[in-house]
Each structure stands twice: as structure tokens, then as C-alpha cells.
Amino acid sequence: MARPQHAQREVELAGAVPELSEAEVAAWRAEGTPVVELLARAQRLGPVSGIRLGERPVVLVTDPDAVRHVLARHPGRYVKRSHRMRRLLGDGVLTVDGEAWRGQRRLFQPQFTVQGVRRYERAMRDAVGVTAHTWAESARTGQPRDLVADMRRFAIDVIWRATTGLPLDDTTHRQLLAAARIVAAVAALGPSGAPDFDGDLAEVDAAAGRAVAAARAGEGPGILDALLDAVELPDPDGRLVRDNFVTFLVAGYETTAATLSWLLLLLHDHPEHREWALAQGPAGSSGRTAAIRALISETLRLYPAALLLFRDATEDDVLAGRRIEAGATVALCAYLTHRIPGLWPDPERFWPRRFHEPAPRPALGTYYPLGLGPRTCLGAQFTLQEMTLLAETLLPAFDFTLDGERPAPAFDITIHPDGPLPARLRERGGRP
């Protein structure tokens with residue numbers, strides 16, 4: 001369909017996207033500073049700005065209206081054509097586009113609604129129980145724990161149980177941790193050459209094979225059932241089932257583990273917010289649950305799931321008065337949008353009551369830690385529920401003291417603590 005003449009005229013009149021100079025990009029590389037610093041420098045040029053890395057121009061978008069335009073209003077103009085994790089994730093629902101994506105999304109969507117997620121609560125609660133038992137043992141013995149490792153194991157345990165119906169064993173845990181090494185090896189922004197991770201990929205594939213076999217045998221709650229039962233998506237070699245198991249693993253546990261780790265660190269530094277949340281009602285009450293969700297929402301504001309969301313422009317367009325050419329790569333950065341002072345008062349402050357009634361809900365495009373529009377994270381409700389259940393159990397039951405220095409943020413595909421979070425646990429007076 002031809003573009004309306006007035007729209008084409010708007011494109012012609014729009015200004016060019018301001019870009020960081022090659023010298024500024026070269027200086028950033030020489031300084032070895034985190035990629036988020038480069039993005040922040042570009043943001044200072046305006047709400048839509050450019051970064052050129054070699055022959056690859058990238059348009060950075062942080063303005064809420066432009067975010068809405070790309071992700072919610074015109075997803076057909078800005079498509080997800082590739083993924084830097086394609087070698088690990090294959091043709092799962094996160095990486096494919098077009099009819100392949102629509103078919104898979106249609107199959108999986110009912111399982112990840114608020115109602116659908118309830119079928120996995122037993123798996124979540126069992127994993128919560130294992131973590132709480134481990135923490136209680138460490139509190140009694142005085143043995144320190146790495147909270148980042150614990151949150152990662154919990155998140156992997158939930159996915160494993162939801163797929164297989166089995167508790168996570170040490171061999172499977174070790175094999176699936178290889179996925180984290182692969183994710184960390186792929187930079188969020190920069191040269192796209194694939195690092196050598198054949199050994200790690202073999203470890204992930206070995207565990208994925210066991211998960212798919214268990215799913216085919218009907219041993220788990222059924223996170224892959226819809227795909228296994230589908231006839232409109234032929235998968236004779238089982239590769240598509242494998243790809244989606246790994247997709248759910250990587251998308252689920254990385255987000256969950258990083259968010260829970262940040263939450264624990266933030267509450268350690270600001271214990272008054274934990275006490276506020278626990279005071280909103282007794283265990284299991286809607287008041288306490290709503291307050292704990294506010295803790296999680298504010299954590300996701302400060303540390304959203306992904307550093308960047310990439311889209312490719314399929315036609316010429318205008319964003320915030322700037323001309324976007326067909327074929328341009330657009331990168332949306334929730335981390336920076338969530339820190340715009342005009343949108344978020346005192347944006348660096350951890351203040352969970354921003355998300356607690358009667359506070360107004362953030363405007364569309366202002367807050368999008370798990371994406372926005374038709375490609376919003378499929379497992380958002382799943383992730384929020386498992387984090388809520390764990391926090392509702394651990395926060396009233398345990399205190400902890402950090403040992404050593406706090407890890408800085410690592411800005412890779414995800415935003416996660418760059419190192420362990422060693423802590424000593426102690427049980428609080430009451431039980432959850």
C-alpha cells in the first residue's frame with residue numbers, strides 16, 4: 001500500500017538523526033567504559049539519536065511517545081528480524097518473526113495469562129520451598145551463601161519443574177548454567193561476530209534433550225504441551241520443541257534471577273521498604289502481595305530485563321521529528337527511559353511506593369521493563385508470579401548481611417550483577 005502523500009511529506013521535512021561522532025565512539029572504546037555510558041552520551045543528543053559502529057548505524061530511542069510509536073502503534077513498521085542469541089535460541093518464539101512468530105505465540109499465549117500461569121504454581125512453590133530450606137540450613141550453620149547463585153538456581157529450578165515435573169538435580173543445573181555463559185559472551189551492542197561457545201552449547205543441548213523427552217512423556221505441568229500437540233507447526237526432528245525450551249529457560253531465568261538479586265541488594269540497603277511491604281497485611285493477604293509487587297516493579301524500573309530492544313524499520317518514518325530511513329536498526333533502552341527526571345521524580349532513588357495504589361499507573365511507553373505491544377514478554381505473568389511467591393516466603397523469614405563489596409551492574413544482553421553477592425543469613429523471629 002502506498003504511503004499517504006501527507007505522511008511522505010512529513011518524512012521529507014523531518015530532520016536527520018543526530019549522531020555521536022566516530023571520534024566519540026572511538027574514545028568510548030579506548031576508555032573501556034560500560035556500553036550504557038555510550039548510550040547515555042547518545043541520549044544527550046536528543047530523545048532519538050544515532051550511534052555508528054563501523055558500517056552499522058543504530059538509532060537509539062528513549063522518548064516515551066517514540067517508544068509507543070515503535071512497539072505499540074506500528075509494530076509492522078518496526079519488526080524483529082533477527083536476534084543476537086539466535087545460535088542458542090534457534091527458531092523459538094523469541095527469535096522468529098512473521099507467521100512463524102504468530103503461530104507460536106498463538107499456541108503459547110493461553111498458558112501465560114494470569115489464569116494459565118496458575119497451572120505452574122505447584123512447580124513454583126516447590127522451588128520456593130527448596131530455596132527456603134537451603135537458606136534455613138545456612139542460617140543455622142553460619143555458612144555464607146551467594147545470593148546471585150541462589151536466585152539463578154531457583155529460577156532454573158522453576159523452569160525445569162514446569163517442563164519436566166522433576167526437581168532440579170546438580171548435573172542438570174550445571175549444564176543449564178552454560179546458557180548464562182553464552183548470554184554473557186554476546187555483547188548487547190557492538191561487533192556481532194559469534195564467539196566460540198560450542199562446548200557450552202553442547203551442555204545446554206544435553207539438558208534440553210532430557211527436558212523435551214520428559215515433556216513428551218507427559219511428566220510435567222505442560223509448558224511445552226501446546227507445541228507438542230500442534231499440527232499446524234510440523235516439527236519432525238523436535239528442533240522447535242528444543243528451541244522453545246531453551247528460549248523459556250534463557251528468557252525466564254535470566255530475568256528472574258537478575259531481578260531477584262537486585263531486589264535483595266536494594267532491600268539490604270533500604271530495609272525500611274521491606275518493613276513497609278510486610279506491614280501492608282498478613283501473610284497471604286492481598287495487601288501484602290500488592291506491596292511486594294510494588295517492590296518488584298520498582299526493581300524492574302531501575303534494572304529492566306534487557307538493556308536494549310532491537311527493531312528494524314521496514315519503511316521510511318518519523319520519530320520525535322527525526323527521519324528514520326527504511327532498513328535502519330532501532331534500539332529502545334528502557335534503562336534510560338526509566339531514568340528520565342521529567343518522567344520519574346528522583347529517578348535514581350529506590351522508591352517502591354511509585355507503584356503502589358493510589359499512585360497513578362505509568363503512562364504507556366514510560367515504563368516497559370518487559371517490553372511493550374504485541375511482542376511484550378510472553379512469560380511476564382509467569383515471571384512476576386514466581387518472583388512474588390519467593391519474596392513472600394523469604395522476606396518475612398530471613399535477614400542477611402552482605403560480605404565484601406557490592407557487585408556493579410553488568411550491561412550485556414541483560415542487566416545483572418557483575419559478580420557474586422556473598423551474604424550471611426539469619427532467621428527472623430517469626431515464620432512467613
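A few notes on this one:
- Test set (1) at pLDDT 90 or above; (2) surrounded by fewer than 23 Cβ atoms within 10 Å (Cβ to Cβ); (3) touching a Ser or Thr at 6+ places or on another chain (Cβ under 7 Å); (4) not small (Gly, Ala, Ser) - residue 112 fails condition number: (3)
- Looking across the stretch 270-309, the residues that are free of Cβ contacts under 8 Å to residues at least 12 places away in the same chain, assigned to a helix (DSSP H, G or I) and not hydroxyl-bearing (Ser, Thr, Tyr) come down to 271, 272, 275, 287.
- Taken over the stretch 385-432, the criterion of being in contact (Cβ under 8 Å) with a residue 60 or more places away in the chain, more than 30 Å from residue 284 (Cβ to Cβ) and not in a strand (DSSP E or B) is satisfied by 403, 406, 407, 412, 413, 419, 420.
- Scan of the stretch 163-219 for residues that are under 22 Å from the mean Cα position of the chain (by Cα), modelled with pLDDT under 90, closer than 25 Å to residue 382 by Cβ and not aliphatic (A, V, I, L, M), ordered by number: 181
- Only one of 247, 255 that is in contact with a Cys (Cβ under 9 Å, 6 or more places away or on another chain), part of a helix (DSSP H, G or I) and at pLDDT 85 or above: 255
- Whichever residue in the stretch 290-330 is touching a helix residue (DSSP H, G or I) at 6+ places or on another chain (Cβ under 8 Å) and among the small types (Gly, Ala, Ser) and, among such residues, is nearest to residue 256 (Cα to Cα): 305
- Total residues in the stretch 335-373 satisfying the condition of being touching a Pro at 6+ places or on another chain (Cβ under 7 Å) and free of Cβ contacts under 8 Å to residues at least 60 places away in the same chain: the figure is 4.
- Scanning the stretch 76-105 for residues that are in a loop (DSSP other than H, G, I, E, B) and crowded, with 16+ Cβ neighbours inside 10 Å returns 77, 80, 83, 84, 85, 90, 91, 92, 93, 94, 95, 96.
The values are calculated or read from the model by the stated rules, or taken from the named source; none is laboratory data. Treat the numbers as computed from the prediction; the structure is a model and nothing was measured. Backbone-built Cβ (ideal geometry, glycine too); neighbour counts: all protein chains shown.
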